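Trainee: Please read through the structure below; I'll follow up with questions.
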Amino acid sequence: MQVATSLETKRPRAKRKKMPRHPVERRAYRFAMDVSHAESQVLFGVVDRCFEIRNTLVAERQAERQLNRGLREAGLPVAYLDRAAQQVRVAELQRADVRYQGIHSQVLQDIARRIDEGTKRWLESLKHKGERKVSPPGLLERKDYTSFTFPQCGGSIGIWGGRVHLSKLGSIKLIQHRKYRGTPKTLTIRFEEGQWWAILVCTLQGREIYRNPAEVEHLSDVGGDPGLKALLTLSDGETFDPPKALKDALVTLRHEQRDLSRKFEAREHLYESEAARRKAAGEPSQPPLRDIPYSNRLRAQIRRVAILHTKVARVREYHHCKLACILDRSYRKVAVEEHGVTFMLRNRRLARAAADRGIAAMKNWIGSKLGDRLIKTPNRRAGIGGNSQTCLCDAPAPKGLGDREHVCLACGLVAPRDVVSSNIVMQIAFGRNLLRHVKEVVCNTVAGQVIERRGGTKGRAQRVSAESGRAIDVASEVPLKRQPSSSLKTSNTRGGKPTREAKSARINGRPLLLDEAQSLVSGPAADGKLRPSGR
């Protein structure tokens, strides 16, 4: 009775308050795995089984689309495979084959999910004609399939204690060079750059990654123009031009890749000669060339070329990360011109330079570091034109790719084209630019009037030519009169002939004596005036 009374008098629990949801970001942490030969063979076996499942599911989708095409032409109803149906198919394959039973079921189910997402992207692209062409998932070769993913972490899957723990595969030693932050979500095992990597994807709140807006409130805004001449040019004139990793390593790469090509050609020649011998002798034909394992020398050469390419990629990634950190601590907001790089990669003269710069990767690094502080700006103004072909005064300023100087015939502005483009980007994003006073003053000038300009002109006075409309330095047209010097030091002409006796400090071909030189410098002349030395 007393217990019932105590329960009746107990206060009811307060209603839970809904807390505001903070933006969640995803971050991937990549750790190198220290695997033995036996562990590497086990991981390669898992990749082989996943590759078989993947191609099986893709082949079924292709056959189903072909069948539905015939049914549609006959006027019969059609049905398509979806993610749930293929996941059921994966479970059937795993129960039927013993080789698949040693792999975690979620790893195989994730293969069906990725195929379904690729198919949805293809179907979505068909609705929007004129955009980038997207193909449905197709059959892959074994060399192009290098990873498998655990879609959930926890329990026996994750990273702790310096080891990566994989369900049904055991734990493998890990080179955990840093601590990961956030909640682990997925774990991917990938063979890349000649070694195995564990990629852990975690979710974090945005306030744990990005700087507090109050910390950067005192900093200034800036606009940026990415390019090939300099990786990034800012509106304040600062440029970031990191070393071109591919260009620096091109000599060594050409030598090693030429050696690799010769080894592949020798392999094909030996295969063809062996096939001809077998055919002449009436022996059964040998397996396809792709099924024949590589020789030890060929494997070693492939490893050398891979090491060089890996070094190039890491040098480029290091400088992209360094640039993102500099922008993060130096500016409040950064506006970067947004444009694709496909047109550069399709140009045979620009493809290598564009690939070496990695403009898209640089933008990803900056966005990952700045977050909302990165303002993506279009590369053209509506009704005006492209940023690189117009001026701050909205007048057209056409120029070729090799023209690095911006010259506006309307306002007379002459400056580096990248600086002008970055200021246009800043104008679009923030409504102001660092050359605003130039725009306001220069646009009201007429031919022959002296103006002031800033930026690429270093504050020199200029006037607008009446003939060409170009800005001309006034200082370059006015001769400067050198002030006389009283020094007795003779100049070293290195064998040159003297022009005047006073300049060379000689009289009748002989050097002046000390008394004669002093009287020439400070003594009175016949007209009563002091004559300085020729210098």
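Nothing in this text is a laboratory measurement; each read-out follows from the coordinates by a stated rule. Quantities reported herein were computed from a predicted structural model and do not represent experimental measurements. Please note: Cβ atoms are built from the backbone with ideal geometry, for glycine as well, and neighbour counts cover all protein chains shown.
Trainee: Quote the relative contact order of the range 24-209 in percent (integer), defining contacts as alpha-carbon pairs under 8 Å separated by 6+ residues.
Mentor: Dividing the mean separation by the residue count of the range 24-209 yields 34 percent.
Trainee: Name the long-range amide H neighbours of LEU350: under 5 Å, sequence gap of 5 or more, or other chain; modelled H, no Pro or chain starts.
Mentor: none
Trainee: What is the diffusion coefficient of the range 87-183 in µm²/s, taking the Kirkwood radius over Cα pairs and the Stokes-Einstein relation at 10 °C with a viscosity of 1.306 mPa s?
Mentor: 96 µm²/s
Trainee: Continuing with this model, one more query. Bin width 5 Å, origin at 0, all Cα-Cα pairs of the range 76-123: what percent of pairs per bin?
Mentor: Per 5 Å bin, starting at zero, the Cα-Cα P(r) for the range 76-123 comes out as 5, 20, 26, 19, 14, 9, 5, 2, 0 percent.
Trainee: Pulled fully out, how much extra length does the chain show between THR56 and HIS255, if you take 0.36 nm times their separation in residues and subtract their Cα-Cα distance?
Mentor: Values: separation 199, 0.36 × 199 = 71.64 nm, distance 4.04 nm.
Full extension from THR56 to HIS255 adds 67.6 nm.
Trainee: What are the radius of gyration and Dmax of the range 215-375, computed over its Cα atoms and given in Å?
Mentor: 23.6, 84
Trainee: What's the long-distance tail for the range 24-209, i.e. % of Cα pairs beyond 21 Å?
Mentor: That fraction is 59 percent.
Trainee: Is the shape of the range 248-287 best called rounded, prolate or oblate, per the rule: a/c under 1.5 gives rounded, else a/b larger than b/c gives prolate, else oblate, with a ≥ b ≥ c the square roots of the Cα gyration tensor eigenvalues?
Mentor: The shape class here is prolate.
Trainee: Please tell me which of these pairs span more than 24 angstrom C-alpha to C-alpha: LYS247/LYS311; LYS168/LYS311; LYS185/LYS369; LYS127/LYS185?
Mentor: Details: LYS247/LYS311 12 Å; LYS168/LYS311 34 Å; LYS185/LYS369 21 Å; LYS127/LYS185 32 Å.
Flagged as over cut-off: LYS168/LYS311; LYS127/LYS185.
Trainee: Using θ = phi - 60° and the Karplus form 6.51 cos²θ - 1.76 cosθ + 1.60, what ³J(HN,Hα) does each residue of the range 229-245 get, whole Hz, x for Gly and Pro?
Mentor: My calculation for the range 229-245 gives 5, 10, 4, 8, 10, 9, 5, 8, x, 6, 10, 10, 10, x, x, 7, 5 Hz in order.
Trainee: Which whole-number percent gives the relative contact order of the range 338-444, counting Cα pairs below 8 Å spaced six or more residues apart? The partial results should precede the final answer.
Mentor: Numbers: 103 pairs, mean separation 19.8, N = 107.
Relative contact order, the range 338-444: 18 percent.
Trainee: Explain nothing, just compute: Karplus ³J(HN,Hα) = 6.51 cos²θ - 1.76 cosθ + 1.60, θ = phi - 60°, for every residue of the range 60-73 in order, whole Hz, x for Gly and Pro.
Mentor: Along the range 60-73, the couplings run 5, 5, 5, 5, 5, 5, 5, 5, 5, 5, x, 5, 5, 5 Hz.
Trainee: Skipping prolines and chain starts, which residues have an amide H placed within reach, meaning under 5 Å, of the one on GLU338, given they are 5 or more residues away or on another chain?
Mentor: Hits under the 5 Å cutoff: THR377, ASN379.
Trainee: Next up: Computed over the Cα atoms of the range 195-263, what is the ratio Rg over Rh, Rh following Kirkwood?
Mentor: Numbers: Rg = 20.9 Å, Rh = 17.4 Å.
The Rg/Rh ratio comes out at 1.20.
Trainee: Follow-up question, since we're still on this one. Read phi for every residue in the range 299-316 and hand back ³J(HN,Hα) as whole Hz from Karplus 6.51 cos²θ - 1.76 cosθ + 1.60, θ = phi - 60°, with x for Gly and Pro.
Mentor: Running phi through 6.51 cos²θ - 1.76 cosθ + 1.60 with θ = phi - 60° gives 4, 5, 5, 4, 5, 5, 5, 5, 5, 5, 5, 5, 5, 4, 5, 6, 5, 5 Hz.
Trainee: Near the amide H of ASP221, under 5 Å away, which other amide H atoms are found, from residues 5 or more places off or on another chain, if H is placed in the peptide plane?
Mentor: Amide H to amide H, under 5 Å and 5 or more residues apart or across chains, ASP221 pairs with ARG332, LYS333.
Trainee: Additional query: Order these peptides, 27-36, 68-77, 145-154, by their mean beta-carbon neighbour count within 10 angstrom, highest first.
Mentor: The peptides rank, most packed first, as 145-154, 27-36, 68-77.
Trainee: So what is the relative contact order of the range 215-375, in percent, for Cα pairs below 8 Å that sit 6 or more residues apart?
Mentor: 34 percent
Trainee: If packing is taken as the average number of other Cβ atoms within 10 Å across a peptide's residues, how do 218-224, 292-298 rank, most packed first?
Mentor: So the order, starting with the most tightly packed, is 218-224, 292-298.
Trainee: Of all beta bridges DSSP finds with both residues in the range 215-375, what is the antiparallel percent, to the nearest 5?
Mentor: Working: 5 of 10 bridges.
Just about 50 percent of them are antiparallel.
Trainee: Oh, and also: For the range 191-261 and the range 264-328, what is the centre-to-centre distance using only Cα atoms, to the nearest Å?
Mentor: First find each Cα centre; the distance between them is then 27 Å.
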